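A quick write-up on the structure given underneath.
The values are calculated or read from the model by the stated rules, or taken from the named source; none is laboratory data. The structure presented is a predicted model; accordingly, all values stated were derived computationally and were not measured. We place every Cβ from the backbone using ideal geometry, glycine too, and count neighbours over all the protein chains shown.
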Amino acid sequence: MTIPGIHLLRQTPAILRTLTEELSEEQARLRPVAERWSVLEVIGHLAHVEEPAFRNRVERMIGEDEPLLASYEPGLHSAAGVYAARPLSETLDAFSRQRDASLEVLRSIDESALERTGRHEKLGRLTVNNLLHEWPLHDLGHVRQVAELVRAICFYPHIGPCRNAYQINP
């Protein structure tokens, strides 16, 4: 069985490494807008959310009958500094390790597991198939976010009069 978006899930850590390889630690921590996350916080979030919000939920839904799935509150973790606790390289490594563990789980999923369900405390009933589609959607949103931050931090300030041709939304 082919897992939806598994090719993307496999590549996300490498994509993020490529996007961020020229950032300094200071640039990785920069929040161009106070209420938005830095590159480090985005990748820290991905590393932190991988197990509780994706891998664990899928494993529980496959192994248990309609488990109750706790809500994950990224704002609480961000406010507590969890997402920016380590340097960028360590955060990327942590995300890669978490993703490798998730890919092992995903490789073992049988097609019959797709309709297994769980009950999210805020969203209601979810299927494994729902989560397998949400996972790459979540990745893509944060890849886009990191790309936009890199555009705003590394390139936009230096393009001179060409700035009039671009809109940046970090």
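Test of understanding: among L76, L69, which residue is in contact (Cβ under 8 Å) with a residue 12 or more places away in the chain and either aliphatic (A, V, I, L, M) or in contact with a Cys (Cβ under 8 Å, 6 or more places away or on another chain) (or both)? Steps first, please.
On the way: L76 fails: in contact (Cβ under 8 Å) with a residue 12 or more places away in the chain.
Residue meeting the stated conditions: L69.
Might you check whether a residue that is within 24 Å of L8 (Cα to Cα), within 20 Å of the chain's Cα centre (by Cα) and not in a helix (DSSP H, G or I) occurs anywhere in the stretch 114-126?
Yes.
Might you let me know whether the stretch 127-141 holds any residue that is among the aliphatic types (A, V, I, L, M), over 23 Å from T12 (Cα atoms), loosely packed, with under 15 Cβ neighbours inside 10 Å and modelled with pLDDT of 95 or more?
In the first step, residues of the stretch 127-141 are kept if they are among the aliphatic types (A, V, I, L, M); the result is 128, 131-132, 137, 140.
From what is left, the residues that are over 23 Å from T12 (Cα atoms) are none.
Within the stretch 127-141 (the criterion being among the aliphatic types (A, V, I, L, M), over 23 Å from T12 (Cα atoms), loosely packed, with under 15 Cβ neighbours inside 10 Å and modelled with pLDDT of 95 or more), the answer is no, since none of the residues qualifies.
Among the candidates G124, G118, which residue alone is in contact with an Asp or Glu (Cβ under 9 Å, 6 or more places away or on another chain) and among the small types (G, A, S)? Outline the logic, then answer.
Values: G124 fails: in contact with an Asp or Glu (Cβ under 9 Å, 6 or more places away or on another chain).
Just a single option satisfies the conditions, and that option is G118.
Which condition from (1) over 19 Å from R99 (Cβ atoms); (2) out of contact with any Gly (no Cβ under 8 Å at 6 or more places or on another chain); (3) buried (at least 16 other Cβ atoms within 10 Å of the Cβ) is the one that L69 breaks?
(2)
Between a residue in the stretch 153-164 that is in contact (Cβ under 8 Å) with a residue 12 or more places away in the chain and any residue that is surrounded by fewer than 12 Cβ atoms within 10 Å (Cβ to Cβ), which pairs come within a Cβ distance under 7 Å, given they are 6 or more apart or on different chains?
The qualifying pairs are C154/E22; Y156/Y166.
Of the numbered conditions (1) in contact with a Phe, Trp or Tyr (Cβ under 8 Å, 6 or more places away or on another chain); (2) farther than 27 Å from L123 by Cβ, P32 satisfies every one except a single condition; which is it?
Status for P32: all satisfied but (1).
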